[in-house]
Amino acid sequence: MNFESYIRNVPDFPVQGIQFKDITTLLKEPEVFSTAVDHLYAPFRSHDISKIVGIESRGFIFGAAMAYKLNIGFVPVRKPGKLPAETLSEEYLLEYGKDSVEIHLDAVRRTDRVLIVDDLLATGGTASATCRLVERLGGKIVGLSFLIELTDLKGREKLKEYEIQSLIRYKI
């Protein structure tokens, strides 16, 4: 399936010069959305996954659907202050400054085999911080799966120790 044909390009959003990749046009098509979910976990099917970790916020859409289909747990990784119980935090660098993501302390066990899911791989900062969180909790990362990868931003290089799947690749 040509998933790229279901992605809308929105110029100058959220700021001038950005070509935003809008996934809502894919999500509204039930067969395409379902097929995308299947393709996102297919390469990892034999990896005995026990948890899906989804990165805020669009990683929740794909990750929760994948966890449901696989009948396994789903764990959200969120921006600071959004999770209600005790959390572990990990910082990552932005172009101008820092940000961080958090996970509940009891979200991942040492026996868990984790697939990390997000809609977009750009610079790899958020995904790399998420990997560090999972590993700090003792989980084993079996791979990362993204709907879209912006190849020129070289996020894959920050994640080179992991198996990575992306369904759509854009050169920007």
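Throughout, read-outs are computed from the coordinates displayed, never taken from laboratory work. Predicted model only: the values in this text are computed from it and were never measured. We place every Cβ from the backbone using ideal geometry, glycine too, and count neighbours over all the protein chains shown.
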(request) Figure the gain on full extension for Asp99 and Tyr162 (residue separation times 0.36 nm, minus the Cα-Cα span) and round it to one decimal in nm. (result) 20.4 nm
(message) Taking the Cα centre as origin and putting +1 on Lys and Arg beta-carbons and -1 on Asp and Glu beta-carbons, what dipole magnitude results for the chain, to the nearest 20 debye?
(response) 260 debye
(request) Take the alpha carbon gyration tensor of region 1-104, find the square roots of its eigenvalues, order them as a ≥ b ≥ c, and report rounded if a/c is under 1.5; if not, report prolate when a/b exceeds b/c, else oblate. (result) oblate
(message) To check you understand DSSP bridge types, tell me what percent of the beta bridges within region 44-171 (both residues inside) are antiparallel, rounded to 5.
(response) 30 percent
(request) Please work out the Cα center distance from region 135-162 to region 47-94, rounded to the nearest Å. (result) 14 Å
(request) Would you be so kind as to identify which of Pro84, Phe62, Gly73 lies farthest towards the positive end of the dipole of region 22-140, taking Lys and Arg as +1 and Asp and Glu as -1 on Cβ and the Cα centre as origin? (result) Gly73
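Is region 47-170 rounded, prolate or oblate when judged by the Cα gyration tensor, a ≥ b ≥ c being the square roots of its eigenvalues, rounded requiring a/c under 1.5 and prolate requiring a/b larger than b/c?
Working: a/c = 1.55, a/b = 1.13, b/c = 1.37.
Here region 47-170 falls in the oblate category.
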(request) With a Förster radius of 30 Å, plug the Cβ-Cβ distance of Glu86 and His39 into 1/(1 + (r/R0)^6) and report the FRET value to the nearest 0.05. (result) 0.25
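Given 0.36 nm per residue, what is the gain on full extension from Arg136 to Asn2 after removing their alpha carbon distance, in nm?
That works out to 44.5 nm of additional length.
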